[in-house]
Amino acid sequence: MRGASLLLLGTLITCNLMARRMIIPDAPAMDSVLSDTLPVIPAFTTPFAWDYIDQSIRNPEFWRSPEDPVKDYLRRLLDHALQPFDSVREQLSTVDFGSIPVHMEEPVESEEIPLRWINDTTFLMDPKGWNMNLYMHQEPRMPEPDRAQFPLQDSATFLPDSMNSQQDTTIYMPDSTIILPDSIMVTVLDTAAMESLGITLYHYVNGVVTPDLYDPLTGRRSVFSKDLSTVKFITPGNTWLADKASPFFMLRGEHQLDSLQYAVLQLLEFTERRDSTRLLINDIYGKSTPVWLTTGSDDVFRYWIKNYKNDSISLWIGNPAPRTLSLMLEDDVNVTRLKKQEISYLSAFVKETEPSLLTMDMLEPSPIFWDYAVVSAFVMNQTHLSNWTKGGESSFSTMMDIQGTATYNNKEASTQWINTARLKFGTIRTPEKGFRKNHDSFELNSKFNLNAWGKIGMSASFYMKNQLAKGYNYPNDSIPVSKFLNPGTMTIGLGFEVKPYTATTVNIAPLSYKTTFVKDTAHIDQTIHGIEEGKTAKKELGTQIVIHNKISPMEGLDITNHLRLFSNYLNHPENIDVDWEMMLDKKINWFFTIRLNLHLIYDDDVKFTVFDADDQAILLPDGSEKRVAKAQFKEFLGLSLQFKL
């Protein structure tokens with residue numbers, strides 16, 4: 001009996017599985033598809049072909065991806081098949097959406113959507129009215145076999161769980177017959193298809209809808225009909241409505257139709273520019289010349305017109321405006337044919353006299369008196385140290401050197417006027433001391449020469465030197481030692497200039513006046529710049545010698561020296577002030593140059609404090625610090641980026 005019961009239970013399970021897979025004849029087969037093989041090619045009419053393609057586009061199950069480009073191509077085809085675009089453009093051009101009257105009314109019903117109830121507590125909301133077969137179908141199901149579903153004609157005995165250690169649920173049915181219930185139809189919803197179609201499933205229990213139909217962003221609320229067959233959405237607040245005679249109803253704002261008018265005009269203008277047609281022009285031999293219409297290009301195409309004798313004329317074809325062709329014959333085209341003619345009809349030849357040569361005067365070029373030049377260099381230098389046993393400090397420094405020159409030359413008057421402005425500004429940044437200024441110089445130089453004796457001429461010069469930004473004697477960065485025009489140096493000289501070589505000039509001014517001034521003595525200590533305490537300027541009368549030289553010992557290497565000497569007649573003329581600068585530029589390529597800049601300054605009036613071995617200032621018997629004149633030296637080496645104009 002136990003073996004028979006097992007056999008009967010296995011039969012029941014097999015029947016249940018077969019019932020799950022069975023297909024109801026009246027229900028459509030879910031896996032069946034229509035065959036693409038047609039015995040007869042259909043004779044589509046234009047409206048029927050349009051409707052057939054439209055249904056294929058709207059069917060989401062027809063497409064593997066909703067964003068497939070073929071779908072967009074078919075939709076564009078439908079748009080052009082409805083009405084020619086020229087007609088649409090003509091109609092839209094005559095419509096003025098901005099002139100349609102709009103007015104404001106009380107809250108209105110914005111939408112009414114029918115509800116599809118699945119059961120007493122579940123309904124669907126389908127705003128677009130899709131076919132229910134796209135997302136819902138019915139399947140036959142066999143009820144799950146359990147003890148309550150087995151009505152027995154005779155008695156059946158179930159073993160208690162405590163008596164069966166292996167949790168065996170075998171049913172012992174001596175002389176019993178099981179009555180199986182019929183299969184039932186179950187409604188199956190495809191949630192993925194519902195999501196793609198924009199259909200939402202809602203639950204309605206005790207007047208509460210889940211998810212909530214209230215939209216917190218727009219404030220739109222919903223009202224169910226009495227029979228719960230539809231739901232109405234009402235927009236709160238005042239609503240802008242268009243005139244009833246217009247095709248528009250509810251607007252987002254007062255000026256939405258004006259914006260629509262501008263958007264239509266923008267797209268019409270774009271399609272006017274974008275639309276193009278490729279036109280082929282053939283000659284009698286079948287050779288084609290392509291011409292694009294309405295491309296927005298000013299290009300013209302050359303076309304040869306030939307006849308049956310292979311005579312040709314060059315013709316230019318252009319497209320100056322949309323849907324417009326322009327034809328232009330080649331310049332200087334004369335069509336003539338040779339023909340036989342009697343000699344008596346030809347005109348007599350006339351011998352022309354040979355023309356005599358005319359006397360021509362040499363053209364005198366207009367003199368150019370002014371010459372301008374700008375030379376700029378940007379120098380960079382970078383050092384990085386990491387775990388360096390020998391010590392040191394990482395740094396990054398830059399130097400900007402810009403020099404502009406304006407020169408006036410008048411050879412007839414033997415005069416020359418040279419004006420130069422130069423700005424040098426350098427910075428340095430270290431991890432410990434941060435960003436600082438390490439060079440600041442602004443110079444103006446003007447020199448007027450009169451060539452009197454060949455290489456020797458009379459000369460008058462003006463020279464001014466100062467700085468732009470504040471300077472500090474680091475590490476003290478709270479008290480400035482210099483700023484704009486504090487100090488400032490100005491020199492005026494009269495004398496003569498000698499030019500022994502092409503690249504060397506020596507300017508000697510025996511009558512020179514030099515002044516060094518500090519106007520803001522409240523913030524700047526003038527004594528460190530050679531000015532006596534209690535005064536704001538130092539005035540000197542003496543001789544100034546300026547030597548300028550530039551040589552190129554090898555290709556790509558330039559060495560420039562600029563030396564300025566000054567001797568004061570009235571105060572120790574033997575103590576000569578020295579200002580010498582040398583620049584060595586080695587060219588690497590068109591833009592980059594390695595620059596070495598050396599600058600030496602010595603002024604006997606500029607004193608520096610003397611320190612002992614313990615970095616303590618040495619004091620004089622009167623208690624003041626001992627100060628002596630020292631040479632000031634600065635050196636800079638780095639990669640320079642140069643431009644010359």
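Coordinate-derived values only; no laboratory data. Predicted, not measured: the structure shown is a model, and the values here were computed from it. Counting neighbours? That spans all protein chains shown, and the Cβs are built from the backbone with ideal geometry, glycine included.
Dividing the Cα convex hull volume of the stretch 370-644 by residue count, how many Å³ per residue is that?
Convex hull of Cα atoms, per residue: 175 Å³.
Summing Lys, Arg as +1 and Asp, Glu as -1, what charge do residues with Cβ under 13 Å from the Cβ of Leu468 carry, Leu468 excluded?
+4
Which pairs break 23 Å Cα to Cα here: Lys433/Lys587; Lys514/Lys630; Lys433/Lys465; Lys424/Lys626; Lys309/Lys339; Lys483/Lys550?
Lys433/Lys587; Lys433/Lys465; Lys424/Lys626; Lys483/Lys550
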